[in-house]
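Worksheet: the structure to be examined is printed underneath.
The values are calculated or read from the model by the stated rules, or taken from the named source; none is laboratory data. Quantities reported herein were computed from a predicted structural model and do not represent experimental measurements. Neighbour counts are summed over all protein chains in view; Cβ atoms, including those assigned to glycine, are modelled from backbone coordinates with ideal geometry. Just the protein is used for accessible areas: all its heavy atoms, side chains included, with ligands, DNA and RNA removed. Shrake-Rupley method; radii C 1.70, N 1.55, O 1.52, S 1.80 Å.
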Amino acid sequence: MSIWIFFKIIGSLALLIYGMKVMSEALQKMAGSQLRHILGTMTKNRFTGMFTGMFVTAAVQSSSATTVMTVSFVNAGLLTLAQAISVIMGANIGTTLTAWIMSLGFSFNFMDAVFPAFIAGILLIYTRRHRYIGDFLFGIAFMFFSLALLSQTGDEMDLGHNEELIRFFSTFDTGSYATIIVFLLIGTVLTCILQSSAALMAITMMLCSSGVLPIYLGIALVMGENIGTTATANLAALGANTQARRAALAHLVFNVFGVIWVLCLFYPFVNTVCSVVGYDPQTDTLDPARLSVVLAAFHTAFNVCNTAILIWLIPQIEKTVCMIIKPKANDGEDEFRLRYIGGDTIMKTPELSVLEAQKEIQLFADRTQKMFGFVRELLGIKNDAAFNKLFSRIEKYEGISDNMEIEIAKYLDKVSDAHLSDETKAKIRAMLREISEIESIGDSCYNIARTLSRKERGKEDFTERQYEHLHQMFELTDDSLTQMNVMLAGRKDKLDANRSFNIENEINNYRNQLRSQNINDISANEYSYAIGTMYMDIVSECEKLGDYVINVVEARMGTKQREA
């Protein structure tokens with residue numbers, strides 16, 4: 001084989017992988033948030049979960065995208081492990097559509113339709129309204145173009161008359177289980193290396209269609225591809241939480257179990273699929289169109305039968321993966337640790353990785369409210385040792401707040417490097433604003449704690465009435481933080497910001513009332529000017545904190561930034 005033909009094959013596979021990636025991402029952009037909503041809500045039982053996974057995968061043309069998306073949903077707490085397993089089962093069925101599309105590419109010459117698709121695609125890409133349709137056309141055109149190139153390269157190589165290659169494959173006994181297992185392992189390893197089962201499926205179809213690779217060995221490679229394709233989700237789950245890693249492992253367990261039972265019935269099962277298609281492995285030695293259909297039919301039969309068996313055993317699969325992957329040791333709430341976007345792994349589908357960042361922001365906001373709870377507790381502590389211990393904890397939380405803002409911003413920056421829809425770009429801008437304001441809330445909490453520490457080191461204390469007013473102001477501020485967390489956790493189209501604005505008005509009015517009263521009390525010698533200044537510093541910081549809360553709410557709702 002000349003070096004030119006080698007590069008032509010590698011280039012064709014690169015075009016195939018790129019075309020499928022472009023097509024998949026274009027479909028995801030067209031679906032937008034609806035795709036997230038569908039996957040997050042239509043999983044009430046194992047059957048709806050399976051059909052959801054099947055249709056989503058058939059739509060986006062990538063089981064890896066659906067599986068990684070599902071793992072991220074488990075990581076974000078939107079899907080249970082059992083729901084995720086049913087979705088992954090459906091994704092395995094949905095991905096078989098890709099093999100059928102490929103079989104069409106090997107059965108018919110689509111080259112004449114490819115170039116008009118490229119022209120239509122480039123025209124649509126430059127129109128704002130239909131650019132994702134243009135991306136999709138480009139992707140599918142690249143896919144069929146690559147398949148046509150592979151088929152053409154196979155003809156140029158004249159594999160059917162390549163004596164050395166035929167002799168090499170003929171040394172393997174197609175009637176031996178040992179040979180089938182060897183090719184199964186080869187398929188697994190190659191898919192893990194290529195990170196694309198579609199690329200190896202294309203090679204397998206080319207070799208089988210040329211008559212070089214016996215159909216039994218080709219099917220063994222396809223079985224290996226089913227195991228190898230699980231590597232994508234498992235790699236994506238490395239930095240995720242325990243439940244997400246279990247969901248990724250369930251994908252592997254599902255496919256390994258399927259391979260094991262099919263191996264036990266390998267020859268009867270394959271012969272049955274061949275007879276349904278109308279192909280006889282013993283007599284029809286070379287029928288390119290029929291051979292590619294046999295591979296696609298086996299891929300579908302394998303995944304459908306496997307799902308039909310294992311969908312009833314989801315609780316058992318769940319128990320198995322829970323036994324294999326034990327929960328991580330609790331790092332402690334006072335340690336800096338990202339829960340949903342841990343590690344440097346960016347999801348294969350940037351449009352959907354925004355969801356994980358949103359869940360991390362919710363955790364960030366929850367931690368900030370917890371920090372404010374420590375500040376409220378600090379106000380009532382009289383013991384020096386207990387005071388210093390809690391103050392140190394608040395200091396630690398302030399450091400965590402700074403780190404969380406930086407790490408979430410870095411993650412969003414990486415995601416924004418990808419080609420995103422306008423809607424997702426707007427969400428990322430809003431989320432960057434949210435984390436900046438939440439970090440400012442943490443700063444306000446720390447400022448209040450420092451003022452209380454300064455008061456603690458002095459000789460004077462607040463009066464009983466000042467304590468009552470501060471507790472009342474803290475109560476209003478905590479209410480605003482609670483409502484902010486409600487807004488961050490809810491669906492935007494079902495949220496009402498009026499409650500947040502009402503609380504902020506109460507905080508502003510109360511601050512104004514306390515400011516006037518403070519001047520009168522100092523004039524009446526109720527307390528010193530110094531203690532009155534610290535008292536108003538705390539009140540004013542609570543009012544600032546309320547403004548930051550409103551800025552978060554407005555960012556969440558997509559409204560204009562207001563003056564603090």
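Brief remarks on what is shown
- Residue match in segment 35-47 (condition: modelled with pLDDT of 70 or more, more than 17 Å from the chain's Cα centre (by Cα) and open to solvent by less than 10 Å² (accessible area, probe 1.4 Å)): no
- Count of segment 364-385 residues, restricted to those that are closer than 19 Å to Q466 by Cα, among the aliphatic types (A, V, I, L, M) and in a helix (DSSP H, G or I), is 3.
- Residue selected from segment 227-256 under the condition open to solvent by 10 Å² or more (accessible area, probe 1.4 Å) and at pLDDT 85 or above, by the criterion nearest to K319 (Cα to Cα): R246
- Residues in segment 366-400 that are small (G, A, S) and either over 21 Å from S480 (Cβ atoms) or out of contact with any Asp or Glu (no Cβ under 8 Å at 6 or more places or on another chain) (or both) were compared, and the one that is least open to solvent (accessible area, probe 1.4 Å) is G399.
- Residues of segment 66-113 classified as modelled with pLDDT under 80, assigned to a helix (DSSP H, G or I) and not polar (S, T, N, Q), total: 13
- Residue list for segment 436-489, filter: among the small types (G, A, S), open to solvent by 10 Å² or more (accessible area, probe 1.4 Å) and in a helix (DSSP H, G or I): S436, S440, S453, A489
- Selection status of Y510, over 25 Å from I438 (Cβ atoms) and either modelled with pLDDT of 90 or more or surrounded by 13 or more Cβ atoms within 10 Å (Cβ to Cβ) (or both): no
- Single condition R433 does not satisfy, out of (1) assigned to a helix (DSSP H, G or I); (2) at pLDDT 90 or above; (3) surrounded by 19 or more Cβ atoms within 10 Å (Cβ to Cβ): (3)
- Qualifying residue in segment 524-538 (condition: open to solvent by less than 40 Å² (accessible area, probe 1.4 Å), closer than 27 Å to E439 by Cα, assigned to a helix (DSSP H, G or I) and without any contact (Cβ under 8 Å) to a residue 60 or more places away in the chain): yes
- Qualifying residue in segment 297-317 (condition: open to solvent by 50 Å² or more (accessible area, probe 1.4 Å), at pLDDT 90 or above and of a type in the set (V, I, T)): yes
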